[in-house]
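Below is one structure; the comments refer to it alone.
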Amino acid sequence: MIRDADVVVIGSGGLGAATAYFLMARGGRRVALLDRHDLASQTSPRAAGNAALLRSTDVMCRLAGRAVDWLLRFTADTGEPLDIVRSGSLKAARTDADAAILAREAERGQALGLGTSLLSAEAAHRMHPFFQPRGVRSVVHTPGDVYFEPSHVASGYAAAAGKLGAALMPHTTVTGIDVRGGVVEGVETDRGRIASPVVVDAAGAWARQVAATAGIHVPMVPTRHQVLITEPVEGARAELPIVRIMDAAVYVRPCWGGFLAGGYEMTPAQFDMDQLPPGFSIADTPLDLAVLRRLMDGVREQLPVLSTAPLRLHRGGVPTMTPDGQHIVGPVPGAAGFFVASGCNVAGLSIAPAIGEELARWIVDGRSSEDLSDMSIARFGSEWRDEVRLRRAAAWEYWHFYSYEALRT
Ligand SMILES: Cc1cc2nc3c(=O)[nH]c(=O)nc-3n(C[C@H](O)[C@H](O)[C@H](O)COP(=O)(O)OP(=O)(O)OC[C@H]3O[C@@H](n4cnc5c(N)ncnc54)[C@H](O)[C@@H]3O)c2cc1C
């Protein structure tokens, strides 16, 4: 057990492991990566593994582009495996309102150099024979979108950080952050104290509990999200594009010879991690296949295969939703040396390399390369301590995952 470090990163999911890796890649720092469970074992390996280049703001688009670049050269950089396919994606509108949004998105994607184009439903069907054109107004094709094996990312970054000399500490629970006179001095764990002038809270669904030990409120709501994977389906080639149906908030991509699909329901299950049993692990999350079946029924005309193919696997995890749908990343005012990487909004794994890189830069150089003020925890006022209001806003963001993101542009 080490007793001091230059940086303690709490949580070895995608966000924490990437931060530790990029810190080690900069060199010259002793970094400890702590996790209460096995390394990289909680929400990150249960994700869908989709990465969208077109995001809600230009900064997010640049970060998403950089993250995809890092993911494409993951093995070359880290020496760790990552299955990744540049399949492109099709985003489909079934309503006139969504079609208008898609038209703007296509223009914006072109302006950003993403090569997006508007397609007819029939043209999209020719690209993806399992996507039926019935009831579809228009489709945007983004050729650079990728999907990847989610379980490889956090474990790979953690292993690579370890190879560069980071102290990897699974089964070490942080029980408190020491902040004296507004300055971070270290963390308390169930295995003893680690002195450190910099602490990063990347504790996923538990990020609120960790920050609360220092009196800091992180306004996000741990929210269940689930996917299903079908048995192999003849013709489900790995290169078929990801499909997203806006108003139904459903996505699907090829997986293991079949399809992986998920979606965003109107009233998601939200959790207070304090109310769960002490040894709770994300594997214990109560799942509900009926939620996914209803979502798949809602796209039966466009994606009938999702209602007919036999089920191979059903899994879920607990990403963290914020009341405005933006991540919470960066230093925490009033606690010098304390950083947070949370509020993943069900899109944190695909952006993790860029967030980790930016946080490492912030810690080492004192500033990020992008203006991340939209992600600052300082944007939230005390009104977000109202749990009812917070939960309502977080659920709304969850349900409007596709269309609202576009409306904000
Ligand atoms: C079904 C599903 C599909 C998804 N699809 C996508 C997708 O397609 N694309 C995408 O980008 N994102 C997707 N996501 C979201 C993505 O999984 C998350 O954004 C991402 O994994 C969050 O990473 P994290 O590091 O914050 O959390 P985690 O991976 O949960 O890591 C947090 C870690 O902190 C540790 N920890 C907690 N408390 C403590 C403590 N006190 N002391 C020490 N350690 C602690 C935990 O044990 C855990 O290992 C999906 C999520 C789910 C569930």
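The values are calculated or read from the model by the stated rules, or taken from the named source; none is laboratory data. Bear in mind the structure is a predicted one, so any value in this text is a computation, not a measurement. With ideal geometry, Cβ positions are generated from the backbone for all residues, glycine too; neighbour counts draw on all protein chains shown. Protein only, heavy atoms only, side chains kept; ligands, DNA and RNA dropped before computing areas. Shrake-Rupley method; radii C 1.70, N 1.55, O 1.52, S 1.80 Å.
Can you tell me which residue among G65, G14, G113 is of a type outside the set (S, T, N, Q) and either within 30 Å of M169 (Cβ to Cβ) or within 9 Å of the ligand (Cβ to nearest atom) (or both)?
Numbers: G65 fails: either within 30 Å of M169 (Cβ to Cβ) or within 9 Å of the ligand (Cβ to nearest atom) (or both); G113 fails: either within 30 Å of M169 (Cβ to Cβ) or within 9 Å of the ligand (Cβ to nearest atom) (or both).
When all the criteria are applied, what remains is G14.
Mind checking which pairs have a first residue in segment 49-76 that is touching a residue at least 24 places away in the same chain (Cβ under 8 Å) and of a type in the set (S, T, Y) and a second that is open to solvent by 30 Å² or more (accessible area, probe 1.4 Å) and part of a helix (DSSP H, G or I), Cβ under 6 Å, 6 or more apart or different chains?
S56/E405
Among all residue pairs at least 6 apart or on different chains, which show Cβ distances below 6 Å where the first residue, located in segment 334-347, is open to solvent by 10 Å² or more (accessible area, probe 1.4 Å) and the second is within 9 Å of the ligand (Cβ to nearest atom)?
Going by the 6 Å Cβ cut-off, the qualifying pairs are C344/P319; C344/T320; V346/H225; V346/P319.
Every residue, every condition in (1) open to solvent by 10 Å² or more (accessible area, probe 1.4 Å); (2) touching a strand residue (DSSP E or B) at 6+ places or on another chain (Cβ under 8 Å), yes or no:
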position	(1), (2)
R224	yes, yes
G262	no, yes
A283	yes, no
V291	yes, yes
R300	yes, no
L306	no, yes
P310	yes, yes
R315	yes, yes
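From the list D201, D190, D145, pick out the single residue that is on the phi < 0 side of the Ramachandran plot and over 24 Å from the mean Cα position of the chain (by Cα).
Details: D201 fails: over 24 Å from the mean Cα position of the chain (by Cα); D145 fails: over 24 Å from the mean Cα position of the chain (by Cα).
Going through D201, D190, D145 in turn, the sole match is D190.
What number of residues within segment 174-187 satisfy the criterion of being within 9 Å of the ligand (Cβ to nearest atom) and either open to solvent by 40 Å² or more (accessible area, probe 1.4 Å) or without any contact (Cβ under 8 Å) to a residue 12 or more places away in the chain (or both)? Lay out the reasoning, then the answer.
Taking segment 174-187 as the starting set, the residues that turn out to be within 9 Å of the ligand (Cβ to nearest atom) are 174-175, 187.
So of that shortlist, the ones also either open to solvent by 40 Å² or more (accessible area, probe 1.4 Å) or without any contact (Cβ under 8 Å) to a residue 12 or more places away in the chain (or both) come out as 175.
So the answer is 1.
Looking at segment 34-56, can you tell me whether even one residue there is open to solvent by 30 Å² or more (accessible area, probe 1.4 Å) and more than 14 Å from the ligand (Cβ to nearest atom)?
Scanning segment 34-56 turns up no residue that is open to solvent by 30 Å² or more (accessible area, probe 1.4 Å) and more than 14 Å from the ligand (Cβ to nearest atom).
If a residue has to be among the charged types (D, E, K, R) and either part of a loop (DSSP other than H, G, I, E, B) or more than 26 Å from D247 (Cα to Cα) (or both) to count, how many in segment 315-353 make the cut? Walk me through how you get there before you give the answer.
Pass one, segment 315-353, residues among the charged types (D, E, K, R): 315, 324.
Restricting the remaining residues to those that are either part of a loop (DSSP other than H, G, I, E, B) or more than 26 Å from D247 (Cα to Cα) (or both) gives 324.
Total satisfying the criteria: 1.
I'd like the full set of residues that are in contact with a strand residue (DSSP E or B) (Cβ under 8 Å, 6 or more places away or on another chain), outside any loop (DSSP other than H, G, I, E, B) and in contact (Cβ under 8 Å) with a residue 60 or more places away in the chain, limited to segment 372-382.
I377 - this is the single residue of segment 372-382 that is in contact with a strand residue (DSSP E or B) (Cβ under 8 Å, 6 or more places away or on another chain), outside any loop (DSSP other than H, G, I, E, B) and in contact (Cβ under 8 Å) with a residue 60 or more places away in the chain.
Among the residues of segment 163-187, count how many are closer than 21 Å to P331 by Cβ and in a strand (DSSP E or B).
Total satisfying the criteria: 11.
Is it the case, given these coordinates, that S369 is without any contact (Cβ under 8 Å) to a residue 24 or more places away in the chain and more than 15 Å from the chain's Cα centre (by Cα)?
Details: without any contact (Cβ under 8 Å) to a residue 24 or more places away in the chain: yes; more than 15 Å from the chain's Cα centre (by Cα): yes.
The answer is yes for S369.
Pairs only if they're at least six apart or on different chains, beta carbon under 8 angstrom, first in segment 194-216 and closer than 15 Å to T173 by Cα, second open to solvent by 10 Å² or more (accessible area, probe 1.4 Å) and among the aromatic types (F, W, Y); list them, first residue then second.
Pairs that qualify, where the first residue is closer than 15 Å to T173 by Cα and the partner is open to solvent by 10 Å² or more (accessible area, probe 1.4 Å) and among the aromatic types (F, W, Y), are V199/F339; V200/F339; D201/F339; A205/F271.
Across segment 1-37, what is the number of residues that are among the polar types (S, T, N, Q) and assigned to a loop (DSSP other than H, G, I, E, B)? Before you say what the answer is, go through the steps one by one.
Going through segment 1-37, the residues among the polar types (S, T, N, Q) turn out to be 12, 19.
If we keep only those that are assigned to a loop (DSSP other than H, G, I, E, B) as well, we get 12.
The number of residues fulfilling the criteria is 1.
Find the helices (runs of 4 or more DSSP H) located wholly in segment 48-160 whose residues include 2 or more that are within 30 Å of L359 (Cβ to Cβ), and list them.
Answer list for segment 48-160: 58-72, 74-78, 96-111.
Which one of D201, D145, D190 is closer than 29 Å to R315 by Cβ, at pLDDT 95 or above and open to solvent by 40 Å² or more (accessible area, probe 1.4 Å)?
Working: D201 fails: open to solvent by 40 Å² or more (accessible area, probe 1.4 Å); D145 fails: open to solvent by 40 Å² or more (accessible area, probe 1.4 Å).
Going through D201, D145, D190 in turn, just one is closer than 29 Å to R315 by Cβ, at pLDDT 95 or above and open to solvent by 40 Å² or more (accessible area, probe 1.4 Å): D190.
If a residue counts only when it is out of contact with any Asp or Glu (no Cβ under 6 Å at 6 or more places or on another chain), of a type in the set (A, V, I, L, M) and under 16 Å from W399 (Cα atoms), which helices (runs of 4 or more DSSP H) contained entirely in segment 203-314 have at least 2 such residues? Lay out the reasoning, then the answer.
Details: elements: 207-212, 289-297, 305-308.
Filter on segment 203-314 gives 289-297.
Among the residues in segment 196-206, are any within 11 Å of the ligand (Cβ to nearest atom) and among the acidic types (D, E)?
yes
Answer yes if at least one residue in segment 340-362 is modelled with pLDDT of 95 or more, hydroxyl-bearing (S, T, Y), within 30 Å of S151 (Cα to Cα) and away from the ligand (no atom under 16 Å from the Cβ), and no otherwise. Please lay out each step first, then the result.
Looking only at segment 340-362, we keep the residues that are modelled with pLDDT of 95 or more, and these are 340-362.
Keeping just the survivors that are hydroxyl-bearing (S, T, Y) gives 342, 350.
Cutting the leftovers down to within 30 Å of S151 (Cα to Cα) gives us 342, 350.
Restricting the remaining residues to those that are away from the ligand (no atom under 16 Å from the Cβ) gives none.
No - not one qualifying residue is present in segment 340-362.
Does segment 68-86 hold any residues that are under 14 Å from Y21 (Cα atoms) and surrounded by 14 or more Cβ atoms within 10 Å (Cβ to Cβ), and which are they?
Passing the criteria: W70, L71, F74, T75, D77, T78, E80.
Does segment 377-385 contain at least one residue that is over 27 Å from V153 (Cβ atoms), small (G, A, S) and out of contact with any Pro (no Cβ under 9 Å at 6 or more places or on another chain)?
At the first step, the residues of segment 377-385 found to be over 27 Å from V153 (Cβ atoms) are 378-385.
Then keep just the ones that are small (G, A, S); that gives 378, 381-382.
Next, only the ones that are out of contact with any Pro (no Cβ under 9 Å at 6 or more places or on another chain) stay: 381-382.
Yes, there is a match, as at least one residue in segment 377-385 is over 27 Å from V153 (Cβ atoms), small (G, A, S) and out of contact with any Pro (no Cβ under 9 Å at 6 or more places or on another chain).
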